[in-house]
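Quick notes on the structure that follows.
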Amino acid sequence: MNRQHNYSIQIKWTGNSGIGTARPGAYKRSHAISIEGKPDILGSSDPAFRGDGGRHNPEELLVASLSCCHMLWYLHLCSEADVIVTDYTDKATGTMFETDNGSGYFENVVLHPTVTVSESSMTEKANQLHDRANELCFIANSVNFKVEHRATCLSK
């Protein structure tokens, strides 16, 4: 059964330095991402594209979305499989290429989750569940590039 879910956000450009977009270097790429009832996310473009390195950029947020989605599915699957996860961290990386015409594309994102389980007997099952989490991740199913995972599983 397919169920539809809708998401609503607001983006507000905050980078008008007084003359708008009169020329490429005249404006900031700063913006705020607002979701009702939640704190704003302050964004910009990547510093390589004249952005503010102190703000989140869309490329980072894409990698973060993939990492979070995988983690949430993985934790759910572990809870159903009686695998007790006591810690989870991920240092995800993404590779994007800029093309000659100024556009670009992601070639891949690699998740590097480090998972700690409560007993060593859970390690094998914990490792296997990453494949299923990858299959179920809404965000991974929505992108046109490969999302890999290279997990490490530790036990207490």
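Listed by chain and number, the lysines whose C-alpha is less than 20 Å from the C-alpha of residue 146, apart from same-chain residues fewer than 8 away, are 91. As a rough footprinting exposure proxy, the listed residues 105, 7 were ranked by other beta carbons within 10 Å of their own, and the order from fewest upward is 7, 105. Considering only DSSP beta bridges whose two residues both sit in the stretch 1-73, what percent are antiparallel, to the nearest 5? Once the DSSP bridges in the stretch 1-73 are tallied, antiparallel ones form about 90 percent. Ranking of 68, 153 by neighbouring Cβ atoms within 10 Å, starting from the fewest: 68, 153.
Over all other residues within a Cβ to Cβ distance under 13 Å of residue 68, the charged ones net out to -2, with Lys and Arg as +1 and Asp and Glu as -1. Look at the alpha carbon pairs under 8 Å that are at least 6 residues apart: their mean separation over the length of the stretch 58-155 gives a relative contact order of 33 percent.
The angle between the Cα long axis of helix 123-136 and the main principal axis of the chain comes to about 40°, on a 0 to 90 degree scale. Put in line by how crowded their Cβ is, counting other Cβ atoms within 10 Å and starting with the fewest, 66, 129, 77 read 77, 129, 66.
Looking at the chain, the DSSP beta bridges with both ends there are about 65 percent antiparallel.
A simple count of charges around residue 130, restricted to other residues whose Cβ falls under 14 Å of its Cβ and scoring Lys, Arg +1 and Asp, Glu -1, yields -2.
Ratio of Rg to Rh for the stretch 58-155, alpha carbon only, Kirkwood? The Rg/Rh ratio comes out at 1.05. Relative to the dominant Cα principal axis of the chain, helix 58-80 is inclined by about 20°. Dipole magnitude for the stretch 52-156: about 200 debye, using +1 per Lys or Arg Cβ and -1 per Asp or Glu Cβ, origin at the Cα centre. Placing +1 on the Cβ of every Lys and Arg and -1 on the Cβ of every Asp and Glu, with nothing else charged, gives the stretch 10-49 a dipole about its Cα centre of roughly 140 debye. One decimal place: the segment residue 40-residue 141 gains 33.7 nm when fully extended, by the rule 0.36 nm per residue minus the C-alpha distance.
Where a number appears in this text, it was derived from the coordinates with a stated rule and is not lab data. Keep in mind that this is a model prediction, so the values were computed, not measured. Because the Cβ atoms are built from the backbone with ideal geometry, glycine has one as well, and the counts that use them run over all protein chains shown.
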